[in-house]
Structure formats: structure tokens, C-alpha cells
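Encoded as C-alpha cells, the structure appears first; notes follow it.
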Amino acid sequence: MGKVHVLDHPLIQHKLSYIRDKTTGTKEFRELVDEVAALMAFEVTRDLPLEDADIETPVGPARVKKLAGKKLGLIPILRAGIGMSDGILNMIPAARVGHVGLYRDPETFKPIEYYVKLPNDIEERELLVIDPMLATGGSVVEAINSLKKRGAKNMRLICLVAAPEGVQYVQEEHPDVDIYLAALDEKLNEKGYIVPGLGDAGDRLFGTK
Ligand code: URA
């Protein structure tokens with residue numbers, strides 16, 4: 001079963017309060033999501049393996065630590081995942097970025113894939129799958145299915161806010177994927193919004209309605 005990590009760092013929690021507030025406008029919302037995403041990247045990568053390396057500083061030889069193990073890849077799920085990718089890339093600038101686009105069929109409500117563009121070595125990378133809102137979990141589960149179908153083996157999921165229903169669905173369908181959240185909220189409402197949540201993340205990020 002994938003672990004759920006709720007990142008309770010005070011800076012993440014403080015900024016999330018402003019992200020949730022309905023009086024926060026688009027510019028500030030976008031900046032705050034960026035900042036929280038960067039702080040989350042810091043916590044999500046805390047257990048990455050290091051290896052010793054020998055270098056020369058201007059003063060003399062030094063044994064230092066460098067990242068070892070798998071290279072990283074970011075996979076924002078379109079469209080709202082884009083809002084978190086720059087913040088994470090600021091922390092991990094060498095990561096490759098792939099995109100998965102899904103829309104909800106208006107009749108069946110099933111997520112349908114309409115766009116996938118990935119680095120060609122995803123099977124060798126540790127992938128950070130990004131979607132700010134984990135509501136029913138339908139799109140995230142489908143995006144991870146799609147990545148696995150194309151060879152992805154190691155994934156972590158990063159969301160700002162989740163509903164218990166979405167967490168449970170991802171854990172059932174993808175027990176190998178750990179989930180990193182800034183908050184685990186109460187429930188979904190009848191329209192599929194997370195309560196209390198923050199509203200429609202895509203609309204608030206991009207200023208659409
Ligand atoms: N997607 C959003 O953007 N917000 C929600 O509350 C649920 C899904």
C-alpha cells in the first residue's frame with residue numbers, strides 16, 4: 001500500500017491558507033502555488049540516495065555528497081499540474097518534463113487521454129506525477145495507468161489537496177505509488193469539489209471560469 005505523506009511544514013501550511021482563501025487573486029494564487037510546490041519538492045525528495053564524490057575546492061580536496069540513483073522526471077497532468085511544475089523545477093532544474101492530458105467525457109464522466117508526450121527514458125526515471133487536486137482520483141489513476149503502459153516503473157504523486165475518496169482510489173489501483181499532500185481534506189461535495197478545498201485549481205491558476 002502506498003504511503004500518504006501530509007507535509008505539515010509550517011511554511012507550506014501558512015501559504016496553503018492563502019491559496020484556499022477565495023479573496024486571493026490569480027497573480028498571488030499562482031505565486032503561492034509555485035512557492036508551495038517548491039517547498040513540497042524539498043520534502044518529497046528528502047529520501048533520495050546520495051553518494052560520496054571527491055572534488056577540489058579552491059582551498060583543497062574535499063569529499064562531498066552528490067545525488068545518486070535514478071534521474072528525476074516531472075509529469076504534470078494537464079492543465080492544473082502545470083501550475084506546480086515551475087516551483088518544482090526551480091528545485092530540480094535538471095529534471096525532464098513530460099505531460100499527460102486528460103478530459104472528462106461529459107456522458108460517461110470517464111477520463112479520456114488526449115495528449116501524452118514523455119521523455120524517452122521514463123522507465124529509468126523516478127517520476128513525480130503532479131496534480132494539485134486529488135478529488136475522485138479518476139484522472140490521476142488513468143494518468144498513472146498511461147505512464148505504466150509506456151514503461152514507467154517508479155512514481156511519486158504530488159498534490160496540494162486531496163479528498164479521502166481520491167487517496168483511497170489511488171491506493172487501491174496503484175499501491176506502489178506514495179502520495180505527498182499539503183492537506184488531506186474532509187470530503188467531496190455533490191459537484192465533485194473537494195471540501196473545503198480551494199475551488200477549481202485550473203480556473204484560479206489561469207484566471208478562467
Ligand atoms: N478539481 C479542482 O480543481 N478542484 C476540486 O475541488 C476538485 C477537482
Which of P76, P106, P61 moves the most in a Gaussian network model of the chain with Cα springs under 10 Å? P61
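How do I130, I112, I92 rank by accessible surface area computed with a 1.4 Å probe, from largest to smallest? Spell out each step's value before the answer.
Details: I130 0, I112 60, I92 25 Å².
These residues rank, largest area first, as I112, I92, I130.
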Within a Gaussian network of the chain (alpha carbon springs, distance under 10 Å), most fluctuating of E172, E123, E190: E190
For a quick size check, give me the Cα extents of the chain along its three principal axes, largest first, whole Å. 64, 39, 30
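State the extension gain, in nm to one decimal, for the chain segment bounded by K149 and E107, taking 0.36 nm per residue of separation less the distance between their alpha-carbons. Walk me through the numbers on the way to the answer.
Working: separation 42, 0.36 × 42 = 15.12 nm, distance 2.54 nm.
Gain in length upon complete extension: 12.6 nm.
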Going by accessible area, probe 1.4 Å, with all protein chains left in place, what is the ranking of R63, R125, R204, R150, largest first? R63, R150, R204, R125
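Please report the net charge: other residues with Cβ closer than 12 Å to the Cβ of K65, K and R +1, D and E -1.
Its environment carries a net charge of -1.
For T57 and K191, FRET efficiency with R0 = 41 Å and r from the beta-carbon atoms, rounded to 0.05? Could the numbers behind the result be given before it?
Values: r = 58 Å, r/R0 = 1.41.
Approximately 0.10, to the nearest 0.05.
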When the chain is treated as a Gaussian network with springs between alpha carbons less than 10 Å apart, the largest mean-square fluctuation among E124, E142, E51 is found at E51
Ignoring any ligand, DNA or RNA, what whole percent of the accessible area of the chain comes from carbon and sulfur when the probe is 1.4 angstrom? 52
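Just add up the charged neighbours of N90: K/R +1, D/E -1, any other residue whose Cβ is under 13 Å from the Cβ of N90.
Charge balance near N90 sits at -4.
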Please report the net charge: other residues with Cβ closer than 9 Å to the Cβ of V161, K and R +1, D and E -1. 0
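The values are calculated or read from the model by the stated rules, or taken from the named source; none is laboratory data. Note that the structure is predicted; figures quoted are calculated from it, not measured. Every residue, glycine among them, receives a Cβ derived from its backbone with ideal geometry; neighbour counts consider all protein chains shown. Protein only, heavy atoms only, side chains kept; ligands, DNA and RNA dropped before computing areas. Shrake-Rupley method; radii C 1.70, N 1.55, O 1.52, S 1.80 Å.
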